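FYI, it's all coordinate maths here, none of it is from the lab. As the structure is a computational prediction, the values presented were derived from the model and not from experiment. Note that we place each Cβ from the backbone using ideal geometry, even for glycine, and neighbour counts take in every protein chain shown.
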Amino acid sequence: MDEESNLIALCPNCHALYHRQKIPRESLRVWKGILVSLNGAFDKNTIDDLIFLKELTPNTLALSGDGVLKFSKLIAAGLASFKVFKSNGPLITYTVELTQKGNLLVDAWKAGDKSSLESLIGSVYATIDLTSTSS
């Protein structure tokens, strides 16, 4: 039965991929858990920033102080960190990178790993009914 607790909005492409079994059900459950858990603190841009930092090679980004502010929500949540990279008089450059927790969170989502997600974001995820099998 379709209920609010087991629904997630998908674009037409992802919906079709899900029904062709190219996107596992567990990946959708984990993604919904991330959205529910992070939605209060993070907007879509912040979640995009999280994924962007994960995809960087090398996994460090050099920025000015204003650039660091873009990642402030991730830093405050312990998913990213920053440090002074170079100081040249009044110009200070910082690096921003994902913490171990940030890397593990993105990895858990990509793998559809519910238990890792629960350990990373806590009991909020555990209260969501993700056990229904309806699509």
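Mind checking which pairs have a first residue in the range 70-87 that is without any contact (Cβ under 8 Å) to a residue 40 or more places away in the chain and under 15 Å from Lys54 (Cβ atoms) and a second that is assigned to a strand (DSSP E or B) and charged (D, E, K, R), Cβ under 9 Å, 6 or more apart or different chains?
Note: pairs meeting the criteria are Ala80/Glu97; Ser81/Glu97.
How many of the residues making up the range 57-108 are surrounded by fewer than 18 Cβ atoms within 10 Å (Cβ to Cβ), touching an Asp or Glu at 6+ places or on another chain (Cβ under 8 Å) and under 30 Å from Pro24 (Cβ atoms)?
2
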